[in-house]
Amino acid sequence: MKNLIDITDLSKNEIEELIKVAKNIMQEPEKFSEKCKHKKLATLFFEPSTRTRLSFESAMIELGGNVIGFSSASSSSTAKGESVSDTIRVVGCYSDIIAMRHPKEGAPLVAALKSTVPIINAGDGGHNHPTQTLTDLLTISCEKKRLDNLTIGLCGDLKFGRTVHSLISAMSRYKNIKFVLISPEELKIPEYIKEEILEKNHIEYVETNDIEEYMKDLDILYMTRVQKERFFNEEDYVRLKDYYILNKNKLENAKKDLCILHPLPRVNEISVEVDDDPRACYFKQARYGKYIRMALILKLLDIK
Ligand code: CP
């Protein structure tokens, strides 16, 4: 049995296979509409979600399967003090595969050690969000037609941004990738990501707090939200929340084929005036998320 806890649980070849299957599903969805007949996906969300939970549920339904689950810890027996391990052992009796989001880093790994069915990490605290990364890779592959030779700007909360951590990890396996890490001083990328991923793999990167400084060089601009739920005090959040607001003016020197991504939800970091720019790909990105999750469910259930 295989789980997806960290994006590196998948080899580069496995990721490319998932992208290929997702593209096949997009082209001929009817061929996949009964692949998961009589299978059940459990979505256990101990933290809020719109895209991840609903795209997983939609993915399973479009594969002909069924969905059970809960969307908040307060509506499960966690509220009575049940441990993650016990919850997982029980839900494994009712389902064939589990997608789980939890505020505690490492909770999906603990779950996987006890589970009798595959576990998918749907986001754990400020740590990882591997299915968002698969979504991002499918989006880049479809929109840029390549996953190598890219200069990628990552902007916003690089400290707590789990989508950013997983994306750096995944993109570092491709050729000629350069990162521009754009954040305020307080939200810089953690040292362990620099040392264990970027420096270890000899990946070129620069750090700046100025969103416009390297704009003209970027092939991808990946915006992120400053996450209120990760801050210990309101004052710091209020000071940093509107540090970056991407608008038309800031895109003046950007490439004509820049691809603007955002895992969403957006708060203020991308002005709505950018939504009509053909380079804004973040709503398409949310759509791609369903197809790559369909491919992932098939893989983890070993359905050809
Ligand atoms: N991108 C993402 O994880 O969105 P949700 O929090 O809505 O699932």
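Radius of gyration over Kirkwood radius for the chain, both on Cα atoms: the Rg/Rh ratio is 0.96.
Taking 19 Å as the cut-off for C-alpha to C-alpha distance, list the pairs among LYS40/LYS104; LYS104/LYS194; LYS178/LYS200; LYS20/LYS178 that go past it.
LYS40/LYS104; LYS104/LYS194; LYS20/LYS178
Computed from backbone phi, the HN-Hα couplings of segment 201-211 come to 9, 6, 8, 6, 8, 10, 10, 8, 10, 10, 5 Hz, rounded to whole numbers (Karplus: 6.51 cos²θ - 1.76 cosθ + 1.60, θ = phi - 60°; Gly and Pro given as x). Counting only aspartates and glutamates at least 8 places from LYS12 when in the same chain, those with an alpha carbon closer than 16 Å to its own are ASP136, ASP148. Note that the chain presents 46 Å² accessible area per residue, ligands and nucleic acids not counted, probe 1.4 Å. In the elastic network of the chain, a GNM with C-alpha springs shorter than 10 Å, the most mobile of ASN128, ASN209, ASN249 is ASN249. Spatially, segment 35-80 and segment 152-176 are offset by 27 Å when compared through their Cα centroids. When the Gaussian network model of the chain links Cα atoms closer than 10 Å, the mean-square fluctuations of GLU204, GLU269, GLU196 top out at GLU196.
Diffusion of segment 131-286 by Stokes-Einstein, at 10 °C in a medium of 1.306 mPa s and with Rh set to the Kirkwood radius over alpha-carbon pairs, works out to 102 µm²/s. Rolling a 1.4 angstrom probe over segment 131-286 with all protein chains present gives an accessible area of which 46% lies on carbon and sulfur atoms. Under conditions of 37 °C and 0.692 mPa s, segment 38-125 yields 258 µm² s⁻¹ as its translational diffusion coefficient, taking Rh as the Kirkwood radius over Cα pairs in the Stokes-Einstein equation. Taken one residue at a time, the phi angles of segment 34-46 give Karplus couplings (6.51, -1.76, 1.60, θ = phi - 60°) of 10, 4, 10, 3, 6, 9, 10, 9, 9, 9, 10, 10, 8 Hz. Gly and Pro are set to x.
Here's the list of aspartates and glutamates a cross-link from LYS31 could span, going by alpha-carbon distance under 13 Å and ignoring same-chain residues fewer than 8 apart: GLU62. Between ILE61 and ASP302, the contour length at 0.36 nm per residue exceeds the alpha carbon distance by 85.0 nm. Amide H contacts for GLU207 (H built 1.01 Å from N in the peptide plane; partners 5 or more residues away or on another chain; cut-off under 5 Å): LEU181. Working note: Karplus 6.51/-1.76/1.60 with θ = phi - 60° gives segment 83-93 the couplings 7, 4, 4, 5, 4, 5, 4, 6, 5, x, 6 Hz, where Gly and Pro are set to x. Counted by Cβ distance under 13 Å from ASP86, the other residues give a net charge of +2, where Lys and Arg count +1 and Asp and Glu count -1. Could you work out the relative contact order of the chain? I mean the mean sequence separation of Cα pairs under 8 Å and 6+ apart, divided by the number of residues, in percent. 20 percent. Rounded to the nearest 20, the size of the Cβ-charge dipole of the chain about its Cα centre is 1180 debye, with Lys and Arg at +1 and Asp and Glu at -1. Sorting the segments 38-45, 2-9 by their residues' average number of neighbouring beta-carbon atoms within 10 angstrom, most packed first, yields 38-45, 2-9.
The values are calculated or read from the model by the stated rules, or taken from the named source; none is laboratory data. Because the structure is a prediction, the values reported are computed rather than measured. With ideal geometry, Cβ positions are generated from the backbone for all residues, glycine too; neighbour counts draw on all protein chains shown. Accessible surface areas use protein heavy atoms only, side chains included; no ligands, DNA or RNA. Shrake-Rupley method; radii C 1.70, N 1.55, O 1.52, S 1.80 Å.
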